[in-house]
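Q: Before we start, here is the structure in question, set down as structure tokens.
The values are calculated or read from the model by the stated rules, or taken from the named source; none is laboratory data. The shown structure was predicted, so the numbers you read here are calculated from the model rather than taken from an experiment. Methodologically, a virtual Cβ is constructed for each residue, glycine included, from the backbone with ideal geometry; neighbour enumeration extends over all protein chains shown.
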């Protein structure tokens, strides 16, 4: 006997529970749980099922059994008898869709799973777990929703939906329709965001039959710092885990951000005590300059900047540019346009982690440029000609390797240890590097003669 009890909760295991009754003669009981509805990592979200449909396929020639439908939250109990033998059990989850343009109101299949070769023994109970997985279901429709926040600074904003092959499906004026939904045939699409005359941004959209895919486009766009400051000033308080994601575009870092002796002064004064993740890749300008250590150190809210994407046009990251921006977390990408990184440019940005790559375009790295950051490794490009003192010194002991491009003619590395090109000078031994017995042979200074060997023995 297979007994279902409704009152299902989407995404919870053991939502189909057995009624406590004895199995009929020659039949057995199967307890079915539905799991896996909350595991999706692509755009469609875990659905709120309105009903489940179960199909039973006999494998040993025993009498079959019709479909069983269980209404989510219905509270009714419906017993189902299964004759002993082997069975395949198929579960389908349905969602109710109504009020969406392009799709009729009704119940739509959103996910399906199965368990094969389930053995039912007379008078016994078997437990079965069925993992519901969505799938692109040909001929069925799903729902695409979007929510975009735009400010008056943007003159135009369009979202274009195209097939993977590039055929136009729908174009949406986001200034007129910042929020909305529409039905699309199941399949894969390209969603392109076009803001004013800026380069388009494209993502792949997955539409599954009966399921809703949501584009999280709640990124704030500004081409005016006063508008940004006004918005941020009125926005609710947040924390480092819920930063406002802001894209600045069309601004020049050499002229539009300047306040006093700080080329980024207006930017930091615009944060208004709120945590911000900032994308400046569409800004203009070549150099970021700050007059002194004190100017950078005394910036307001330097701990509120939790993420930064630098302008793609930037060539020089000047001295003290992001000094003591302790809120910065995650990885840091140096654009391929950068040729110089100034002294203390990222000093004490302790939240910067992961690998750091110095691109081939960079020729100079200033003193203490990345002092007390928390990078796990550093890769130095082929054009770096000068590295200042303690540029990568890591107080957190995370740094395990500094590797130099084989084509660099000024520096070299071996086993993740940084040397000058001829390996006559040891420049930096990463703090986390573990070499039980390390030997280094070096030339004596000009006043001496011959060679000497340094032997460093570390704990095993």
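Q: If I ask for residues that are buried (at least 19 other Cβ atoms within 10 Å of the Cβ) and within 14 Å of residue 276 (Cβ to Cβ), which ones from the stretch 233-255 would you list?
A: 243, 244, 246, 247, 248
Q: While we're looking at this one, here's another question. Of the residues 177, 230, 238, only one is closer than 29 Å to residue 96 by Cβ and either assigned by TED's automatic domain parsing to the domain that holds residue 300 or in a loop (DSSP other than H, G, I, E, B) (or both); which? Break it down into steps so the answer makes sense when it comes.
A: On the way: 230 fails: closer than 29 Å to residue 96 by Cβ; 238 fails: closer than 29 Å to residue 96 by Cβ.
Only one candidate passes the filter, namely 177.
Q: If you check residue 170 against the conditions, is it surrounded by fewer than 18 Cβ atoms within 10 Å (Cβ to Cβ), outside the structural domain of residue 328 (by TED's automatic domain parsing) and in a loop (DSSP other than H, G, I, E, B)? So that I can check it myself, show each step before the final result.
A: On the way: surrounded by fewer than 18 Cβ atoms within 10 Å (Cβ to Cβ): yes; outside the structural domain of residue 328 (by TED's automatic domain parsing): yes; in a loop (DSSP other than H, G, I, E, B): no.
Against the criterion (surrounded by fewer than 18 Cβ atoms within 10 Å (Cβ to Cβ), outside the structural domain of residue 328 (by TED's automatic domain parsing) and in a loop (DSSP other than H, G, I, E, B)), residue 170 does not qualify.
Q: Considering each residue of the stretch 173-226, count those that are within 30 Å of residue 259 (Cα to Cα) and either loosely packed, with under 14 Cβ neighbours inside 10 Å or modelled with pLDDT under 80 (or both), and give that number. Lay out the reasoning, then the answer.
A: We begin by selecting, within the stretch 173-226, every residue within 30 Å of residue 259 (Cα to Cα); these are 195-199, 218-226.
With either loosely packed, with under 14 Cβ neighbours inside 10 Å or modelled with pLDDT under 80 (or both) added as a condition, the list becomes 195-199, 218-221, 226.
Residues that pass the stated criteria total 10.
Q: Looking for whichever is within 21 Å of residue 315 (Cα to Cα), without any contact (Cβ under 8 Å) to a residue 40 or more places away in the chain and assigned by TED's automatic domain parsing to the domain that holds residue 312 here; the options are 299, 289. Which one fits? Write out each step before concluding.
A: Numbers: 299 fails: within 21 Å of residue 315 (Cα to Cα).
Only one candidate qualifies: 289.
Q: Give the residues of the stretch 391-412 that are outside any loop (DSSP other than H, G, I, E, B) and within 32 Å of the chain's Cα centre (by Cα), sorted by residue number.
A: To start, the set of residues in the stretch 391-412 that are outside any loop (DSSP other than H, G, I, E, B) comprises 401-404, 411-412.
401, 402, 403, 404 - these are the residues of the stretch 391-412 that are outside any loop (DSSP other than H, G, I, E, B) and within 32 Å of the chain's Cα centre (by Cα).
Q: Follow-up. Of the residues in the stretch 317-348, how many are buried (at least 20 other Cβ atoms within 10 Å of the Cβ) and not in a loop (DSSP other than H, G, I, E, B)?
A: Count: 2.
Q: Turning to a different aspect of this structure: With the structure loaded, tell me whether residue 279 is buried (at least 17 other Cβ atoms within 10 Å of the Cβ) and in contact with a helix residue (DSSP H, G or I) (Cβ under 7 Å, 6 or more places away or on another chain) or whether it fails that test. Break it down stepwise before answering.
A: Numbers: buried (at least 17 other Cβ atoms within 10 Å of the Cβ): yes; in contact with a helix residue (DSSP H, G or I) (Cβ under 7 Å, 6 or more places away or on another chain): no.
For residue 279, the condition - buried (at least 17 other Cβ atoms within 10 Å of the Cβ) and in contact with a helix residue (DSSP H, G or I) (Cβ under 7 Å, 6 or more places away or on another chain) - is not met.
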